[in-house]
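The values are calculated or read from the model by the stated rules, or taken from the named source; none is laboratory data. This one's a predicted model, so the numbers in the text were calculated from it and none came from an experiment. Cβ placement follows ideal geometry from the backbone for every residue including glycine, while neighbour counts extend to all protein chains displayed.
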Amino acid sequence: MKNQQQLEKSKDVMERSRKVFPGGVNSPVRSFRSVGGTPIVFSHGKGKYLFDVDGNRYVDFCSSWGPLILGYSHPKVVEALKFQIEQAVTFGAPSLLEVELAEKIQSWVNGIEMMRFVSSGTEATMSAVRAARAFTGRNKFVKFEGCYHGHADQFLVKAGSGLATLGNTSSAGVPLGTTQDTLTAIYNSIESIDEVFAKYGSDIAAVIIEPIAANMGLVLPKQGYLEYLREITTKNGTILIFDEVMTGFRIAKGGSAEYFNVTPDLWTFGKIIGGGLPAAAYGGKKEIMQVVSPLGHAYQAGTLSGNPLAMIAGYHTLCELEKENAFDKLEQLGKYLDQVVHNKLINYIEKAKVCYVRSGSFFCFFFGTNKAPQNFSDVEQTNMNMFNKVYHKLLENGIYLGPSGYEVGFLSLAIEHCDLDKLVAVIHNELAIEEI
């Protein structure tokens, strides 16, 4: 494995790329501005491995930010895509494929009575809030600090993911009028949400939340917190939206509603439901979704919504997850990682040098603490400089994670025990060097 200074082809490509793309990238976190160094330019992936243009191989714990739960180039998904390419890559009209995928999702997630496919998570969350506003006749909605719901103007207030990585609390180019109805609360704080509802309760159309926050590192909901949100939204006639673009079909077959036994009014899904191709969806109670055009007056449309390539990739991904008994396998893989972390890092955990958090097939290491962060403020107090050092050491050892301490690691069915051993060993060795 070559080090960062020897990524000559990646450097050459990035030099060309900066002349045509802002910062040389098409999504900000890819720029490596948070971790430093040269962004890696990839050429292909197979199973658990990613290969860059210089010929280096990496065990992948990023999974293209989540969707590749089966690993890269899964044979069944590739076969399905090859078949569909010869039929049609787009219709801009109804197809059987979109109905089959929707029915599959309905069979997995109890409570999704009606849905609409779109092409990105941003579209899904934006449209879900619009539907909630149309249904309630109210304008305001609540989001939580550090939760990222895409880059629509109304969401770019105290957001996580790339905004956190780049140190921005909001975004230029967003008029104040666009966000004046965006209310923010502190994740895991009952007092915070109580204050918001005490002041604006009758005007709040929706509360949108990542049931497991996975865009500010990995922050889990306190016991009873989601239940409280369900209670207070019901009491105030407010729509509860679970943003499961990240968590959908990664923590349980029925998503967070099954995992936490809390059912929202609306869901948003993405990533896995497209099998690695651009696809997302929003849906939930029939009476809410019927406000969406053409049945209602909440307009939303998309030429590539229900794109047949994304539909068939998503459908076969879900089918393979069923065949592989994926959630049990991923949980066993996660438990093995738990044990390796405890055996190798317990000394550093006790010294408050590192904290490890896992839920389902998500995991995260926070440095400079041994307490799991409860909200965005806690995450901001962790040692991101130490994460950056560890990150580059992982790259040098052929391990790839998303290039930001505000992101999470993903397990896929392609990952093996030996990969988890190596991941933790590299972190252990870097922490040991820091102590010298």
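Worth pointing out:
- Some residue of the stretch 107-118 being assigned to a helix (DSSP H, G or I), under 18 Å from the mean Cα position of the chain (by Cα) and not β-branched (Val, Ile, Thr): no
- Only one entry of 331, 430 meets the criterion of being in a helix (DSSP H, G or I), without any contact (Cβ under 8 Å) to a residue 60 or more places away in the chain and under 19 Å from residue 220 (Cβ atoms), and that entry is 331.
- Taken over the stretch 119-134, the criterion of being assigned to a helix (DSSP H, G or I), surrounded by fewer than 24 Cβ atoms within 10 Å (Cβ to Cβ) and not charged (D, E, K, R) is satisfied by 122, 126, 134.
- No other residue among 160, 150 is modelled with pLDDT under 95, buried (at least 24 other Cβ atoms within 10 Å of the Cβ) and not basic (Lys, Arg) apart from 160.
- Of the residues making up the stretch 318-337, not a single one is in the same structural domain as residue 38 (by TED's automatic domain parsing), charged (D, E, K, R), under 22 Å from residue 215 (Cβ atoms) and under 20 Å from the mean Cα position of the chain (by Cα).
- Residue check for residue 315: assigned by TED's automatic domain parsing to the domain that holds residue 97, hydroxyl-bearing (Ser, Thr, Tyr) and crowded, with 24+ Cβ neighbours inside 10 Å: no
- Residue 375 vs. criteria under 22 Å from the mean Cα position of the chain (by Cα) and at pLDDT 95 or above: yes
- Against the list (1) within 27 Å of residue 381 (Cα to Cα); (2) in contact with a Leu (Cβ under 7 Å, 6 or more places away or on another chain), the condition residue 219 fails is (2).
- Residue match in the stretch 42-55 (condition: among the charged types (D, E, K, R), over 30 Å from residue 253 (Cα atoms) and either touching a residue at least 40 places away in the same chain (Cβ under 8 Å) or out of contact with any Lys or Arg (no Cβ under 8 Å at 6 or more places or on another chain) (or both)): yes
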